[in-house]
Amino acid sequence: MKKSSPYTNSIRRFLLIIVFMITGILAAAAQTIDIDPMQHKLKVYKDLETQRLFWPKDLPVYVWLSTSPQQTAPKHKLETASIKQQESVEALEQSQINLELSGNQYLRWINYETKDTLLLEFQADGLPPSSNIILSGAETHQFEEVTYKGRGLKAEFDANDEHAGVENIYVSVNGADFAPTFGVYDFNQEKEYSIAYYAVDHVGNAEKVKKELFFVDLSAPVTQHQIVGVHQGSILSPSAEITLSSNDAHSGLATTAFHFNQQEQTEYKEAISVSLLDEGSHMLYYNSRDNVKNEETENVFQFYVDRTSPQTILKIEGDQHIGDRTYVSNRTEYRLTFSDNKTGVGSTHFQINDNPDRTYEHSTISLPSTEGNYRLAFWSVDNVNNKEEKNEQDLYVDQTAPTSTHSFNGTSFTQRGKTWITSQTAMEITASDKEAGVKKIQYSVEGDANNQVYTDVLPFNNEGEFVISYGAIDNVNNVEEKQRVEVVVDNSPPMVTVNYSSSKIGSGNAGDGSVLDQYPIGTVLYLAATDEASGAESIRYSLNDEAKKPFAMPLNFENPGEQKIEIYATDRVGNEAIKTLRFIISE
């Protein structure tokens, strides 16, 4: 059964009431048209072909006698007549014969002597003809007391008469004066018709006026479509339906039919679903036919079935890094861009983890500031409710800065926040980050405002004191607080000091011919080393080419002879001073 909205049903009831009212008014108006028939005098009729004489039954018959058949011959009227009735003869006062029955009538003459009888025959006719209207060429529909006729209606009239025969048929259309029929009548105007007609025979008998009432309906129904459900103009969701509503001003609706594209026509019974149509442009053809076969020109509705969901893209702006997952910071912003191929995007939504989804308001999306894993889901719905499958992006909010440290490749000595090295020692900086990873290490040397990117170990070619500041940045731009290290580059060896407990007593020749200072037996030799930078760390010595020994206590010389002492003084960063003493112990 065709589904209709309450509004549509109300309209139909209203239109139906109007049709009924108009039909009733027209029918009543037609019934009130009462045209008097023409006046037809009774007359005697002689059929020249058969020579039969027809006499109106309601006219009296007078008998005249003549000696000649000529019309001009003298005639003598019989004034009295008698009638034999049950063996009695009664004189009649009237001089005419009154006919009582239609049909064969006889005037009888009887030879009184011979009893020969002569019958003079004529026909008494008191019966009117019977006429009919023959309507053809058009469809007929009866609704209650109203007869509807369709296009192409023609009318003809015929009549028959039992005695004298039909002289003519008279017709009146819609209250016009009666006039003899003229053949075939065409009813090619849409309106109510009241046809009055009757027939008259050759002796003037007229039948009672007959009437035929009908309405000629030449108007086709009017059908309109309405989209029910989700749509935007002529772009329809697959869930939408199309309803057809039809009305007919007169004979009423017989059927409504439709078809899509090149499909076969189908009778409309209920809302038309588009759910089985492919995406794309389609044509709906539909029309209606009324009860007298007036058929509406086919209506065409072009529409588009939109099955394609929108597309939503996440744009990550700011800090981000893709490694084993996507890392972001709490400074990162997220925007959604969306598009739809046909109706446009109606709404866009997003959801963070299992929290309730929210409508995207064309601004940035912010993740919670707490470090950790987050799942950002997002999707769009177009204007005909095509919903995109959820897109999901896993993100890790990394708020922890990397950690860096330094070390020295080579000799170094650290004390009270300072580190002493030599030019042979390089400074190495390393950094680590548990999440997004280290992006770079930056350092600066005090006195230089520009940061430099650390790429390799830092060399120190010149002596002096340097302050190095360094720190790391991870791949989502978390910046480590800079660390500060003081470095003193010490390339100078210690200074060796030698003291004798006795004064020189002279000079003597050494075995190689050189002249050496002489000291007395019992002389004690004191050794010391000083360093202005990292400080002296150790003194070793070798006596007369013996193995080196740490200097732990003064050297006492009790035996005479030539002495050779090699002194090795080392500071805390490995700078070494070598000093050689040669002297002679004498008695």
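Points to keep in mind about this one:
- For D324: the one exception among (1) over 31 Å from the mean Cα position of the chain (by Cα); (2) among the charged types (D, E, K, R); (3) at pLDDT 95 or above: (3)
- For the stretch 97-147, the tally of residues that are more than 60 Å from the chain's Cα centre (by Cα) and not in a strand (DSSP E or B) stands at 15.
- Scanning the stretch 228-260 for residues that are under 12 Å from V305 (Cβ atoms), assigned to a strand (DSSP E or B) and touching a Lys or Arg at 6+ places or on another chain (Cβ under 6 Å) returns a single hit, I235.
- Taking the stretch 452-472 as the range and being among the β-branched types (V, I, T), touching an Asp or Glu at 6+ places or on another chain (Cβ under 9 Å) and not in a strand (DSSP E or B) as the test, only V457 passes.
- Boolean, V171 is assigned to a loop (DSSP other than H, G, I, E, B), β-branched (V, I, T) and either surrounded by 15 or more Cβ atoms within 10 Å (Cβ to Cβ) or at pLDDT below 95 (or both): no
- Test set (1) within 21 Å of K482 (Cα to Cα); (2) within 50 Å of the chain's Cα centre (by Cα) - S404 fails condition number: (2)
- Assessment of the stretch 368-387 against the conditions (closer than 30 Å to A536 by Cβ, assigned to a loop (DSSP other than H, G, I, E, B) and either assigned by TED's automatic domain parsing to the domain that holds S281 or out of contact with any strand residue (DSSP E or B) (no Cβ under 7 Å at 6 or more places or on another chain) (or both)) yields no matching residue.
- When S502, S534 are checked against the criterion of being surrounded by fewer than 19 Cβ atoms within 10 Å (Cβ to Cβ) and out of contact with any helix residue (DSSP H, G or I) (no Cβ under 7 Å at 6 or more places or on another chain), S502 stands alone in meeting it.
- Flag for S407 being part of a strand (DSSP E or B), surrounded by 16 or more Cβ atoms within 10 Å (Cβ to Cβ) and either in the same structural domain as I352 (by TED's automatic domain parsing) or hydroxyl-bearing (S, T, Y) (or both): no
- Qualifying strands (runs of 3 or more DSSP E) (wholly inside the stretch 310-353; at least 1 residues being on the phi > 0 side of the Ramachandran plot and touching a Cys at 6+ places or on another chain (Cβ under 6 Å)): none
- Criterion violated by I227 - all others in (1) surrounded by 15 or more Cβ atoms within 10 Å (Cβ to Cβ); (2) under 29 Å from L153 (Cβ atoms) satisfied: (2)
- Single residue of A547, A577, A569, A529 found to be modelled with pLDDT of 95 or more and surrounded by fewer than 15 Cβ atoms within 10 Å (Cβ to Cβ): A547
- Scanning the stretch 416-438 for residues that are surrounded by 15 or more Cβ atoms within 10 Å (Cβ to Cβ), in contact (Cβ under 8 Å) with a residue 40 or more places away in the chain and outside any loop (DSSP other than H, G, I, E, B) returns T419, W420, I421, M427, I429, A431.
The values are calculated or read from the model by the stated rules, or taken from the named source; none is laboratory data. Quick caveat: nothing in here was measured; it's all calculated off a predicted structure. Virtual Cβ from ideal backbone geometry, glycine too; neighbours counted across all protein chains shown.
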